[in-house]
Amino acid sequence: MSFKNNANCLKSMFRILSLLICTLIVFSSSVFAAGPPPIPVLQNELALFLVIFMIILLIVIFVLGRVLMGLAEVKRNEEKEAAKKSGIPAAITTGLLLLISHSSFAQDSNAAVTASATVGGLSSFVFYFSISIILIELLVILGLIYNIKVLLRKDRDEAVEGEASAVPSATLSSWWSRMNRFKPVEQETELELDHEYDGIRELDNRLPPWWLYGFYATIIFGVIYLWRYHVSYSAPLSGEEYEISVKKADEQVKAYLAQKGETVDENTVTVSTDAADLEEGKKIYTTACVACHKADGGGMVGPNLTDDYWMHGGDIRSIFKTIKYGINAMPQWQTSYSNKQIAQVASYVMSLHGTNPPGAKAPEGELYKENDGAAPQP
Amino acid sequence: MQVEKFYYDNRIVRAFGYATVVFAVVGMLAGLWAAIQIYAPSTSLNLAPTTFGRLRPLHTNAIIFAFVGNCIFTGVYYSLQRLCKTRMYSDTLSWIHFWGWQLIIASAAVTLLMGYTTGKEYAELEWPIDIAITLIWVVFGINMFGTILKRREKHLYVAIWFYIATWVTIAMLHIVNSIEIPVTFMKSYSWYAGVQDALVQWWYGHNAVAFFLTTPILGLMYYFLPKAANRPIYSYRLSIIHFWSLIFLYIWAGPHHLLYTALPDWAQSLGTVFSLMLIFPSWGGMLNGLFTLRGVWDKVREEPVLKFMVVAITCYGMSTLEGPLLSLKNVSAIAHYTDWIIAHVHIGGLGWNGFMAFAMLYFLVPKLWGTSLYSKKLATNHFWLGTIGIILYAVPLYWAGFTQSLMWKTFTPEGQLRFQFLESVTNIIPMYITRSVGGTLYLIGAILMVYNLAKTIARGKFIANEEAEAAPIAHKTHQRKEYWHRWIERKPVTLLVVSLIVVVIGGVVEMVPTFLVKSNIPTITSVKPYTPLELQGRDIYVREGCYTCHSQMIRPFRDEVARYGEYSKAGEFVYDHPFQWGSKRTGPDLARVGGKYPDSWHYNHMDDPTSMSPGSIMPSYPWLLDKRLDTSSTPAKIRAMQKLGVPYPEGYDQNANKDLTDQAEAIAARLKKDKIETPSNKEIIALIAYLQRMGTDIKLEQKLADREAAIK
């Protein structure tokens, strides 16, 4: 009982296999090809894709057309015999069908030619034109499928007669059964295979169609994915993606700062004694700086910030720079805090000067006196 | 044909069954303890063996190889005899297998807690144990094949295909990934370095999931589900297609653990597309399981065994959909390194593996003791506790992973990182607490099961040798037409060989170019081998399991470059035996931690992390400050590295310790300047040396380039 399905099973395995092989071939050709990738234009890729899609649809139309014509032929022969009774309408339908399928071929070959002529560039006109062609192709396919179904249904209705209409069950569960091509449980003995293992029997149900087509879809996705990244180079690889995102973000930040008008940087920063600024500065100091410089600035892992000695300059600009960019063991903070915040911390650090906290670390660096060694004020 | 009488061996099934139950509880306890440590670091007791870095490998190994491993063997030893209509090939081999495996588990537990580890996830066990595993696996293979060859059933049932594929693939994975060069009795270095090591490791790691946690369990499902439901398998041809496509495709998917890393892009893409193609083969198993229950769903309402199976199969379906989606680069960018992944694996672990194991035990124990289950009600309670436990475990972690990832990636409009790393950790601590509550519920459920099974056993009588009879295989040729696949079902050896060929392909295509084509790992001239002290420090890093919480791989994202520095390059890892890229960021990335903080910061931080970063959940490592560094191993380590191709000068092994002492003294002197007095021969000094080296070779290259530019 399973022999009939046997071939189907084999066939679907072959189909899957061949798709997989395609994936690999497409891919390997690019991986092992040496040399830098050609720099592609996205438009080309798109056009290429559209054309391929059109061609695929064309093939589908061709196949469906053949099927329909074949069916119509069969029908016509059948009905010719019957026509002795009721002749005319059948001839008309068949003729009409043939006409439809033929005209669709005509349409399509034109379309393909037009599209392939415009692969080079892709103006909006070309783009929408191609899209409309694809839409038309899809419509034609739908029409063909509809016609085939109509023809087939007649056959089946005659065969099944009342049986199908017997159980008009709830729509959801019948939809579910259709999606899975369930056979009613009562009829499953027909599907039972002639073996059992330790009492375990096996049925030979058809593969759920959505499962099978889902599988095909993922394989096609795989081919397109590999094609885009490694053959046509039309999708950015990790490194390129990074460059793009950084560039975009930089522009955004620049635009934001320009609009906001924040101008503080290491060249324009000045000491602030404003209580609010110092309060803000202290807050940041307690989260970011205390671990190394201690809460009172006396220093521990990092140097003492309250004495007269500075390793990298004691003026506001130097301190700002040290905080912002970091140096040696001092981490950079520009990625965590804005220039304004860094200015606030720097001012707060300067406010600690001379507080002489207990247990402070010995001086490190050079003696710094105000207005000495600092950059000349403009 | 004369019907023969024979006896199934139930004793071995019972032994493996007991082991399953014991290690379920042990493994889950270890997991729970580790989970609690994440929000209460002091529960590590400040002892080396019980810190997270050592407990976590213990948990993963105990669950995978002890709990699920024993569960597989229980199921295989029970079902294989019955599907082949024969007793196991050799009782002696069965018992060697049993005791060998338990001995491996015991030695694994001891050595992992002592800090003997290779530093490769799920393959942490050191080389002597690796060899023991190989031997025992061969014993299992001989026993299994012997049984299959003397079977009284002409064709092999689908469950056995899965057992065969499991056996051959695990053998391949284990051997290839465990190639390492022994240094001392319990210390070895991976044969592979950096990118290559990462590729091999995740080829192994991913397929340990595939062929240890998935295919054998599918085999068990194909046996126990139709048995428990008394229904025929839904579709034979679905079995065929999903079996072959599953084992073929799975092998390729490893690189999806390495998206956006320094692994060559083409290998990453292969990982992505093959993972996506895996959805439907995996779902084939789920559908075949669930559809088998068509017509008996009313039974599911009453029968605890079926309840567990339905949730298990559903969890399998969910995590095999989630996995491929996580393999898409844009999803991986969010989920990788976060708790999302932990949630994902636990849907599979708690849901699929755990519940299948429970279902099997609830089914088997009454059968083996010739009685009925002590309490269905208790089992149903277990079911609900477990299910709620899974939800309480997973949902908070999904939330935590998503939140944390978003926090990492958020910038202020001025272009600064919005959150410090630590803020992203403290923010999700409530989720960690909820997760451990979920885990506790799940564990309580398992303990209920232990009680229920004990009661069942108490009221039954064990059937040690179960009588059965069957006719031997009739050796007449089949003339009538049949399914083409029936042919291979008669030929176990062919099935074995074909399975091996099918699973070899993916690995070969991914690994051979990565190993041979030079452009895959561009050389960086400034990258130099580790100094002897750094090498010793690195081994301490591996020993303490730092990789369980810290990655060493900066991905090419704007936020990661802002937070950690220039993104990692393949050429930076050429001397890393083993690689330490990690897979989770409970703490920040360390790839470029070198030079970021002063030596004294590290010293204080290892002694008490909260002193340097208040609110930190990292455990303390006070013993590193006291323990003397064992320098006697230095020459052997240098020689091993030389054998692996690390370019130390000829005869350097004899001078290495002198360099080591010099560097250690320099560090001790720097610490002294920061008011820290410590002898230079402590382990902490070596660890600081390693930490300060990490990721600095590239900075050096920049400096050299700058200087060159200045000269011109």
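The values are calculated or read from the model by the stated rules, or taken from the named source; none is laboratory data. None of these values were measured; they are calculated from a predicted model. Virtual Cβ from ideal backbone geometry, glycine too; neighbours counted across all protein chains shown.
When the helices (runs of 4 or more DSSP H) confined to region B:606-703 are screened for residues that are farther than 24 Å from B:Trp191 by Cβ and touching a helix residue (DSSP H, G or I) at 6+ places or on another chain (Cβ under 9 Å), those reaching at least 1 such residues are found at B:609-612, B:623-626, B:652-673, B:683-693. Got at least one residue in region B:515-527 being modelled with pLDDT of 90 or more and either in a helix (DSSP H, G or I) or not assigned by TED's automatic domain parsing to the domain that holds B:Thr634 (or both)? The answer is yes; a qualifying residue exists. Hey, B:Leu406 hits all of (1) surrounded by fewer than 17 Cβ atoms within 10 Å (Cβ to Cβ); (2) touching a Cys at 6+ places or on another chain (Cβ under 8 Å); (3) aliphatic (A, V, I, L, M) but one; which does it fall short on? Failed condition: (2).
The lone criterion from (1) in contact with a strand residue (DSSP E or B) (Cβ under 8 Å, 6 or more places away or on another chain); (2) within 14 Å of chain A (Cβ to nearest Cβ) left unmet by B:Cys549 is number (2).
Checked against (1) in the same structural domain as B:Trp252 (by TED's automatic domain parsing); (2) surrounded by fewer than 19 Cβ atoms within 10 Å (Cβ to Cβ); (3) under 34 Å from the mean Cα position of the chain (by Cα), B:Glu489 meets all criteria but (2). So for region B:564-586 (the condition being within 11 Å of chain A (Cβ to nearest Cβ) and either under 25 Å from B:Thr426 (Cβ atoms) or among the aliphatic types (A, V, I, L, M) (or both)), does at least one residue qualify? Yes: one or more hits. Right, B:Gly285: touching a His at 6+ places or on another chain (Cβ under 6 Å), in the same structural domain as B:Tyr223 (by TED's automatic domain parsing) and closer than 25 Å to B:Ala379 by Cβ or not? Yes; evaluated as a whole, the condition is true for this residue.
Residue by residue, here is whether (1) of a type in the set (A, V, I, L, M, F, W, C); (2) on the phi < 0 side of the Ramachandran plot; (3) in contact with a strand residue (DSSP E or B) (Cβ under 7 Å, 6 or more places away or on another chain) holds:
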position	(1), (2), (3)
B:Gly615	no, no, no
B:Ser632	no, yes, no
B:Lys637	no, yes, yes
B:Gln642	no, yes, no
B:Pro647	no, yes, no
B:Gly651	no, no, no
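Okay, residues lined up against (1) in the same structural domain as B:Leu495 (by TED's automatic domain parsing); (2) surrounded by fewer than 24 Cβ atoms within 10 Å (Cβ to Cβ); (3) under 30 Å from A:Pro236 (Cα atoms):
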{"residue": "B:Leu225", "(1), (2), (3)": "yes, no, no"}
{"residue": "B:Leu263", "(1), (2), (3)": "yes, no, yes"}
{"residue": "B:Pro281", "(1), (2), (3)": "yes, yes, yes"}
{"residue": "B:Phe291", "(1), (2), (3)": "yes, yes, no"}
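Looking at the structure I just gave you, is B:Phe363 surrounded by 20 or more Cβ atoms within 10 Å (Cβ to Cβ), touching a residue at least 60 places away in the same chain (Cβ under 8 Å) and assigned by TED's automatic domain parsing to the domain that holds B:Asn452? So B:Phe363 fits the description; yes. In the set (1) at pLDDT below 95; (2) out of contact with any His (no Cβ under 7 Å at 6 or more places or on another chain), B:Val437 fails one condition alone, (1). Residues in region B:148-183 that are part of a helix (DSSP H, G or I) and within 14 Å of another protein chain (Cβ to nearest Cβ): B:Ile148, B:Val158, B:Ala159, B:Ile160, B:Trp161, B:Phe162, B:Tyr163. Pairing each residue of region B:601-623 that is more than 11 Å from every other protein chain (Cβ to nearest Cβ) with any residue that is outside any loop (DSSP other than H, G, I, E, B) and β-branched (Val, Ile, Thr), provided the two are 6+ apart or on different chains, yields C-beta distances under 7 Å for B:Met606/B:Ile684; B:Ile617/B:Ile38; B:Ile617/B:Val425.
Here A:Tyr242 clears all of (1) without any contact (Cβ under 8 Å) to a residue 60 or more places away in the chain; (2) under 26 Å from B:Leu671 (Cβ atoms) except the condition numbered (2).
Residue-by-condition table, conditions (1) in a helix (DSSP H, G or I); (2) within 14 Å of another protein chain (Cβ to nearest Cβ):
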{"position": "B:Trp408", "(1), (2)": "yes, yes"}
{"position": "B:Ser424", "(1), (2)": "yes, yes"}
{"position": "B:Val437", "(1), (2)": "yes, no"}
{"position": "B:Thr440", "(1), (2)": "yes, no"}
{"position": "B:Leu453", "(1), (2)": "yes, no"}
{"position": "B:Ile457", "(1), (2)": "yes, no"}
{"position": "B:Lys461", "(1), (2)": "no, no"}
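Of the residues making up region B:510-534, not one is under 25 Å from B:Gly53 (Cα atoms) and either in contact with a Pro (Cβ under 8 Å, 6 or more places away or on another chain) or within 14 Å of chain A (Cβ to nearest Cβ) (or both). Of the residues that sit in region B:83-127 and are assigned to a helix (DSSP H, G or I), in contact (Cβ under 8 Å) with a residue 60 or more places away in the chain and in contact with an Asp or Glu (Cβ under 8 Å, 6 or more places away or on another chain), which one is farthest from B:Val158 (Cα to Cα)? So the residue we want is B:Thr111. Quick one: is B:Ile347 touching a Gly at 6+ places or on another chain (Cβ under 9 Å), farther than 13 Å from B:Pro304 by Cβ and either within 14 Å of chain A (Cβ to nearest Cβ) or not in a loop (DSSP other than H, G, I, E, B) (or both)? No: the conditions fail for B:Ile347. Annotation: B:Glu510 fulfils all but one of (1) surrounded by fewer than 17 Cβ atoms within 10 Å (Cβ to Cβ); (2) among the charged types (D, E, K, R); (3) in a helix (DSSP H, G or I); the unmet one is (1). Name every residue in region A:178-201 that is basic (Lys, Arg) and either more than 9 Å from chain B (Cβ to nearest Cβ) or more than 21 Å from B:His485 (Cα to Cα) (or both), in order of residue number. If the condition is that a residue be basic (Lys, Arg) and either more than 9 Å from chain B (Cβ to nearest Cβ) or more than 21 Å from B:His485 (Cα to Cα) (or both), then A:Arg178, A:Arg181, A:Lys183 are the ones that fit.
Screening A:Phe320 with (1) away from every other protein chain (no Cβ under 12 Å); (2) in contact with a Ser or Thr (Cβ under 8 Å, 6 or more places away or on another chain) gives one miss only, at (2).
Listed by position, the helices (runs of 4 or more DSSP H) enclosed by region A:220-300 that each have at least 2 residues that are within 8 Å of chain B (Cβ to nearest Cβ), modelled with pLDDT of 90 or more and farther than 21 Å from A:Met330 by Cα are A:238-260.
For region B:138-153, the criterion of being buried (at least 22 other Cβ atoms within 10 Å of the Cβ) and under 19 Å from B:Thr60 (Cβ atoms) is met by no residue.
Going by what's in this entry, would B:Tyr483 be described as touching a Lys or Arg at 6+ places or on another chain (Cβ under 9 Å), within 14 Å of another protein chain (Cβ to nearest Cβ) and either free of Cβ contacts under 8 Å to residues at least 12 places away in the same chain or crowded, with 21+ Cβ neighbours inside 10 Å (or both)? Considered against the rule, which asks whether it is touching a Lys or Arg at 6+ places or on another chain (Cβ under 9 Å), within 14 Å of another protein chain (Cβ to nearest Cβ) and either free of Cβ contacts under 8 Å to residues at least 12 places away in the same chain or crowded, with 21+ Cβ neighbours inside 10 Å (or both), B:Tyr483 comes out as no. Checking each residue in region A:202-214 for being assigned to a loop (DSSP other than H, G, I, E, B) and within 7 Å of chain B (Cβ to nearest Cβ) picks out A:Asn205, A:Leu207, A:Pro208.
When B:Ile131 is tested against (1) surrounded by fewer than 21 Cβ atoms within 10 Å (Cβ to Cβ); (2) touching a residue at least 24 places away in the same chain (Cβ under 8 Å); (3) more than 30 Å from B:Leu270 (Cα to Cα), only condition (2) is not met.
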